[in-house]
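Have a look at the structure below before the remarks.
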Amino acid sequence: MNPATSPLRNCWIMKADNHTSVYGDKKLDTTIEIVNKELQTAGSYGINLNMQHTFKPDEKLSVNFDYLDYNHKNLNDYNNAYFVDKAHSYNATHLQQS
């Protein structure tokens, strides 16, 4: 019997700040801010078993068993905001994805 295993664990974090200014008639019209936080985790493991039995030189029985488990999580957090000007409107949204 020849057993083999293959574990894997991966994790990374990202934060992005995006700022945009929109001008009209050479004047600042709108400011847009987007903040994105992301956490990704992934993991897997595999097991492989191989067995072979020889009954006679020309008679063999082989068995191969494979198992693979995989999971992936991608958590996102978005904060979106835009400002038309200080005296008028403001809008903000908060989105989460898992």
- Query: Given R₀ = 30 Å, FRET efficiency for T31-N74 by Cβ-Cβ distance, to 0.05?
  - Reply: 0.55
- Here the FRET efficiency for W12 versus Y82, based on Cβ atoms and R0 = 35 Å and rounded to 0.05, is 0.75
- Taking the chain, how many lysine pairs are there with alpha carbons less than 21 Å apart, if each pair must be eight or more places apart or span two chains? 5
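Just so you know, all these numbers are worked out from the coordinates, no wet-lab data involved. Keep in mind it's a predicted model, so treat the numbers as computed, not measured. Every residue, glycine among them, receives a Cβ derived from its backbone with ideal geometry; neighbour counts consider all protein chains shown.
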